[in-house]
Amino acid sequence: MAGVVLPMLMILASCRSDASSMRGIVRDEPLQVGAVTLTDVTAEGEFADHGDLFTMRAQAGELLVMYFGYTNCPDLCPTTLAAVRTATKNLGDDGAKVDLAMATVDLERDTPEVLNGYLSSFSDHFHALHASSQDELEAAENAFLASSTVTKDATGKIEVGHSATAYVIDDTGSVLVEWPFGIDNKAMTNDLKILLEQISSNN
Amino acid sequence: MKKSKITGLLLAVVAGAGFFASCGSDDSSSGSGPEITKVWARTSPMETSLGAVYMSIASKDGDELTDVSVDPSIAAMAQIHEMVMATADTSMSMTSDAPSGEMVMQEVDSVVIDAGGSVDLKPGSYHIMLLELVAPLELGAKFDVTLTFSKAGKITVTAEVRDEAP
């Protein structure tokens, strides 16, 4: 009996280690965001001529890293976006298969111009997303189980709270992995490599 | 949290003695002042006037970082900030609207370094925020940051601008 159980355990163990080689969070039932749209204000880089509405899907056979952030964010946003930048560089030529999209949660201060300038520091192929209304933003956030809060105190000082996860999306709008804040560029590189290999072996 | 005043005074005297003993040598000496390492600032993206400086502060005798400043040629202002996860029972009046799970930034008065311990100013935790940057922080640039400690007084360290933590 033990002779049967042991190999089975080993098989289970090896399945587990395979799944856990992804460093971010992989849901059993991935979030589906392919129907979510946001106003696209990209004016620089590869997607400068993109239409006015962006749908949350990667280009065919590629990956999209999506982030909800704001440019007056000195700590979390540039930490995550710089790690994404390094990770895509680490991929070499395959880095071109990873696009970046950021939707600002600070609709008032982040004008399209500011947003474009900010994102061009992190990627040559980015989508600058600026919802045309708070409702549009919240609908998108809800699909990602994300949230944000902008408050202004009596002195006019603006404070922004936001969930700080980055999402990796495929060309069907399925969120393949979620990177909570703090995941470093090596872990991101690891995950992107695995996902790109999966995509190319499926094609 | 806070030590008794007597203990604090004693520590201050010891720290003071250590400081004088190490006169003439630099910060890296084995005196009892805070030991500050891995000082870096992140390259600042275009179109933002904010920057962040990080470092690790260790102290044998314990100390408290109470103030930070940079030359006006770098940024108009520097503040100590902390990122915290908003929770349902948060007592932060200003951010009480933020649902749990959201990260919010708040200014703090000081950072306490326990005796024999160290505190990392790092992304997602404490950082020194630079406001109204005069120019973007470019990769490889260096600038001074002056830290004021309640015991050790002012200590100036040099931050290197990098893309990621050293």
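The table for this structure:
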| quantity | calculated |
| --- | --- |
| Kirkwood hydrodynamic radius (C-alpha pairs) into Stokes-Einstein, chain A, 20 °C and 1.002 mPa s, D in µm²/s | 120 |
| The stretch A:161-203: C-alpha gyration tensor shape, a/c 1.5 cut-off, then a/b vs b/c | oblate |
| Approximate spin-label separation A:Glu46-B:Ala115, in nm, with each point projected 7 Å along Cα-to-Cβ | 5.8 |
| Sequence of B:Trp40, A:Trp179 once ranked by neighbouring C-beta atoms within 10 Å, starting from the fewest | B:Trp40, A:Trp179 |
| Using θ = phi - 60° and Karplus 6.51 cos²θ - 1.76 cosθ + 1.60, couplings along the stretch B:141-147 (whole Hz; Gly, Pro as x) | 5, 9, 8, 8, 10, 9, 10 |
| Karplus 3J(HN,Hα) series, Hz, for the stretch A:182-197 with 6.51 cos²θ - 1.76 cosθ + 1.60 (x for Gly, Pro) | x, 6, 8, 5, 5, 5, 4, 4, 4, 5, 5, 4, 4, 5, 5, 5 |
| Helix-only mean residue ellipticity at 222 nm for chain A, each DSSP H run of n ≥ 4 adding -39500 (n - 2.57), per residue, nearest 500 | -11000 deg cm²/dmol |
| Qualifying aspartates and glutamates (Cα of each under 19 Å from Cα of B:Lys60; at least 8 residues distant if same chain) | B:Asp26, B:Asp27, B:Glu35, B:Asp114, B:Asp120 |
| Neighbour-count order for A:Asp106, A:Asp94, A:Asp99, fewest beta carbons within 10 angstrom listed first | A:Asp94, A:Asp106, A:Asp99 |
| Nonlocal amide H pairs with B:Ala41, under 5 Å, H built at 1.01 Å | B:Tyr54, B:Glu160, B:Val161, B:Arg162 |
| Amide H contacts under 5 Å for A:Val41, placed H, 5+ residues apart | A:Ala128, A:Leu129, A:His130 |
| Value of D in µm² per second that Stokes-Einstein yields for the stretch A:15-130, Kirkwood Rh from Cα pairs, at 10 °C (1.306 mPa s) | 105 |
| Among the listed pairs A:Lys97/A:Lys186; A:Lys186/B:Lys154; B:Lys122/B:Lys142; A:Lys157/B:Lys151; A:Lys186/B:Lys38; B:Lys38/B:Lys151, those beyond 25 Å (Cα-Cα) | A:Lys186/B:Lys154; A:Lys157/B:Lys151 |
| Partner chain coverage, peptide A:111-122 - average Cβ within 10 angstrom | 3 |
| Among beta bridges that DSSP assigns inside the stretch A:28-181, antiparallel share in %, nearest 5 | 60 |
| Bridge type composition, the stretch A:96-203 - antiparallel percent by DSSP, nearest 5 | 70 |
| Residue mean of other protein chain beta carbons inside 10 Å, B:136-142 | 0 |
| Exposure proxy order (Cβ contacts within 10 Å, fewest to most) of A:Ile194, A:Ile183 | A:Ile194, A:Ile183 |
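The numbers here are math on the coordinates, done by the rules we state, and not lab data. Worth saying up front: this structure is predicted, and the values here are computed from it rather than measured. Reconstructed Cβ throughout: ideal geometry from the backbone, glycine too, with neighbour counts over all protein chains shown.
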